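Take a look at the structure below.
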Amino acid sequence: MCVHHHRGICRGPMNGCGRNEMQVPNPPGLAIGLCRGRGNPRNTGICCRPLCPEPNVTVPTPTSGDCEDPRFVSIDGHIFHYEGKCTYTLLRECEHPHQRPWFVVYVEHTGEKVLDTHGNWKTYVKGAIAEIDTNDGGKHTIHFLSHGHVKINDGPEIDMDTFKGWEDSSIGLRVTKMKKRLAITLDGHFTVSYNRKENVFVELEDKLKGKVCGMMGDGDGDPNNDFQMLDPFMPSGLRVLENPTKAEIDRFGDSWVKPGSCPQNK
């Protein structure tokens, strides 16, 4: 059973609950994360180990837990699991779904499964990439890497501990260090941050809500339409999967893969 953090009400069977496992998502805005080991779940609050409760039972948010594979919490608070081994569109501009977006944010998963603390083979988040158009027809590419480095455009990899920040004031874009996170902020649009420990967070500004798509949904306030796939045969350019099965969620995730990002043995 999955539980909405703010209501504390079980929303009935949903995809992703493991055996003997209850899930609790982050508040909306914390996009994707996972925690490993016992103790503090590193602010993710995404899963815990008690047995799944019965439908419509109020349960407390856990203070400790452990998760293995990537759990996604959409902008509208919908939680799901997807264990792909490639790079995926986390968020992109989507006013015209079949035109090239002026910004896109990708999340990178490990290309191979890793043995977790419970003896299960899982994939993990290892980084994030943002591509944002410039005013002169160019493009900025910002890459957060798993070992705590950041690479901006064709520049060198810079260690997070020595990174001093970067910006393009002409479009309101900056890369900063926020305590233990690296953050990309596009003023008036979004902030994406990465803590170099398998957690990527997204905050979406109001002007973009309902105008984005990808693994994080459209952010229009309705979690029931979060599973949207590009579809040239639909008038809107998008097809919504309603009450998707696990197989349909896997197909949804596969539809957002970045071309050429999958390992050869996938």
field: strands (runs of 3 or more DSSP E) within region 194-243 that include 1 or more residues of a type in the set (S, T, N, Q) and either out of contact with any Lys or Arg (no Cβ under 6 Å at 6 or more places or on another chain) or closer than 18 Å to TYR106 by Cβ (or both)
entry: 228-230
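Looking only at residues in region 128-153 that are among the small types (Gly, Ala, Ser) and in a strand (DSSP E or B), which one is surrounded by the most Cβ atoms within 10 Å (Cβ to Cβ)?
Applying the first criterion (among the small types (Gly, Ala, Ser)) to region 128-153 yields 128, 130, 137-138, 146, 148.
Keeping just the survivors that are in a strand (DSSP E or B) gives 128, 130.
Numbers: ALA128: 27, ALA130: 22.
Checked region 128-153; the qualifying residue surrounded by the most Cβ atoms within 10 Å (Cβ to Cβ) is ALA128.
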field: Boolean, GLU157 is within 16 Å of PRO101 (Cβ to Cβ) and among the charged types (D, E, K, R)
entry: no
- prompt: Do the conditions hold for THR123, that is, is it buried (at least 18 other Cβ atoms within 10 Å of the Cβ) and modelled with pLDDT of 95 or more?
  reply: no
message: For the condition open to solvent by less than 20 Å² (accessible area, probe 1.4 Å), touching an Asp or Glu at 6+ places or on another chain (Cβ under 8 Å) and in contact (Cβ under 8 Å) with a residue 24 or more places away in the chain, what is the one hit in PHE227, PHE252?
response: PHE227
Residue ID - most open to solvent (accessible area, probe 1.4 Å), chosen from residues in region 171-181 that are more than 20 Å from MET215 (Cβ to Cβ) and under 19 Å from the mean Cα position of the chain (by Cα): LYS180
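The values are calculated or read from the model by the stated rules, or taken from the named source; none is laboratory data. Since we're looking at a predicted model, the values are computed, not measured. Positions of Cβ are backbone-derived with ideal geometry, glycine not excepted, and every protein chain shown enters the neighbour counts. For accessibility, only protein heavy atoms count, side chains too; no ligands or nucleic acids. Shrake-Rupley method; radii C 1.70, N 1.55, O 1.52, S 1.80 Å.
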